[in-house]
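Asks: Following this message is one structure expressed as structure tokens.
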Amino acid sequence: MRLSAAVLCALVAVQAAVLLAAVSSAQAGELEVGYYSKKCRGVENIVKWHVSRALKANRRTGAALIRLLFHDCFVRGCDGSVFLDKSYENPHPEKEAPANIGLAAFDLLEEIKAAVEDRCPEVVSCSDILIYAARDAASILSNGHVHFEVPAGRLDGYVSKAEEAQAELPDSTHDVEKLIETFAKKNFTVEELVILTGAHSIGKTHCSSFRGRLSEPSSQITPAYRDLLNYKCPQGSNPVVDNNVRDEDYDVVAKYMPGFTSRVRKIPDFLDNSFYHNTLAKIVTFHSDWTLLTHKEALDHVHEYADNGTLWDEDFADSLLKLSKLPMPAGSKGQIRKKCNVIKLY
Ligand code: HEM
């Protein structure tokens, strides 16, 4: 009993020290393109080198990076809160939220962080590294069509709560009104919701994320695609399937959607406007994807981006950039972590 009181006191003391030693208020600095040009020359090249190498081995990692940017920035702003592992003091960080199922690429980000720490110790935040990495992934996966400059100078936060992630992130079973509300809370318009959801042209999803789709009526999902998904998702298991049917195994597409085989790609995870064609054809995995067709303004934008891939590339870059500028809550403290998965203790 005495021992646990002592441990508790020590923990409180450590936490207080952490807060006192916080580098500065996260609101203090404006984000700036070239922020590290003097502080850590070449940091963007280091990130790009590691991202390119990882995507050469597996393009899906690029999808994971883009989703990570979304899930980090939507919850407490872009502060690396999604990277924090559970600990004695924080048993339920964001990573544990059901909405964060399938998040990946954490190892790659730690690898990049270690390389950056070698060059410039405790200078570059994990949150900035994530935005650089996701930007590079978007560029590589789109063959250079999606590109933008990243203003930097973010700090890594101290707070990471599963319940916040669960409350703030959208769910794949949500209807369009709820999605609009979720995005409006972060100051994103209906158009930006439609633009950003176009990221579902890449990557994979667990069957559990769209079980309800397997019994939706043909007015909401093309029956042949529903059969394909049913085949890929046997009862009692939870594998992952491709978000974009053109990335599926040729044989499976040939069996269930023979008219589609000419569109099957040898190179998967190409980031483009195909999501909008798939949505209009009702061959998308999530209810939340399909539901965009049920709202007049959203539907108009689905048509607009299906018709104009170049416009989508540009608008997607702008919307990712806007996501990457979501700030931490007012008054939050930040630091530069040494490793992305743990808070640095001073
Ligand atoms: C509109 C609301 C959205 C909902 C409901 C949603 C939901 C989901 C779900 C459930 C998954 C699959 C998780 C799994 O089962 O493993 C997923 C995957 C993905 N999402 Fe979203 N998402 C939304 C918006 C976005 C946005 C705004 C982006 C990025 C800008 C994004 C990028 C991705 C990517 C790239 C993947 C594939 C990740 C991978 O392969 O590792 N999503 N999304």
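Read-outs throughout are calculated quantities, based only on the coordinates presented, and are distinct from any laboratory measurement. If you're wondering where the values come from, they're calculated on a predicted model, not measured in any experiment. All Cβ positions, glycine included, derive from the backbone under ideal geometry; neighbour counts span all protein chains shown.
Asks: Tell me the label-point distance for the pair His303, Asp249, using the 7 Å Cα-to-Cβ offset, in nm and rounded to one decimal.
Replies: Each label point lies 7 Å from its Cα, and together they span 3.9 nm.
Asks: Can you list which of the chymotrypsin sites (Phe, Trp or Tyr not before Pro) found in segment 40-149 are DSSP loop residues with at most 10 other C-beta atoms within 10 Å?
Replies: Tyr88
Asks: Here is a further query. Calculate for the chain the 222 nm mean residue ellipticity that helices alone would give, adding -39,500 (n - 2.57) per DSSP H run of length 4 or more and normalising by residue count, nearest 500 deg cm²/dmol.
Replies: That calculation yields -14000 deg cm²/dmol at 222 nm.
Asks: Count neighbours as other Cβ atoms within 10 Å of each site's Cβ, and list the trypsin sites (Lys or Arg not before Pro) in segment 276-341 that are DSSP loop with at most 16 such neighbours.
Replies: Taking segment 276-341 and a limit of 16 other Cβ atoms within 10 Å, the loop trypsin sites (Lys or Arg not before Pro) found are Lys325, Lys338, Lys339.
Asks: Scan the chain and note any complete DSSP helix (H) whose C-alpha atoms cover at least 15 Å along its axis and whose Kyte-Doolittle average is 0.5 or more.
Replies: 2-20, 60-73, 126-141
Asks: Another question, if that's okay. From zero outward in steps of 10 Å, how is the percent of C-alpha pairs of segment 176-322 spread across the bins?
Replies: 12, 41, 36, 12, 0
Asks: I've got another one for you. Sorted by mean Cβ packing within 10 Å, highest first, what order do the peptides 269-277, 134-142 take?
Replies: 134-142, 269-277
Asks: Using 7 Å Cα-to-Cβ label points, what is the Tyr231/Thr189 separation (nm, one decimal)?
Replies: Roughly 4.2 nm, to one decimal.
Asks: While we're looking at this one, here's another question. Separation between the Ser262 and Ser87 pseudo-spin-labels, each 7 Å from Cα along Cα→Cβ, expressed in nm?
Replies: 5.7
Asks: With a cap of 12 neighbouring Cβ atoms within 10 Å, and only residues DSSP puts in a loop, list the trypsin sites (Lys or Arg not before Pro) found in segment 184-241.
Replies: Sparse-neighbourhood loop trypsin sites (Lys or Arg not before Pro): Lys185.
Asks: Using 0.36 nm per residue, how much length does the chain from Ser215 to Asn58 gain when fully extended, once their Cα-Cα distance is taken away?
Replies: 53.3 nm
Asks: Please enumerate, by chain and number, the lysines with C-alpha under 23 Å from the C-alpha of Lys255, excluding those fewer than 8 residues away in the same chain.
Replies: Lys204, Lys232, Lys266, Lys282
Asks: Past 23 Å, Cα to Cα, is the threshold; run Lys86/Lys186; Lys95/Lys338; Lys185/Lys296 against it and keep the listed order.
Replies: Check vs 23 Å cut-off fails for Lys86/Lys186.
Asks: So, one more: Once fully extended, how much extra length lies between Asn143 and Asp171, figured as 0.36 nm per residue of separation less the alpha-carbon to alpha-carbon distance?
Replies: Taking Asn143 through Asp171 to full extension adds about 7.1 nm, to one decimal.
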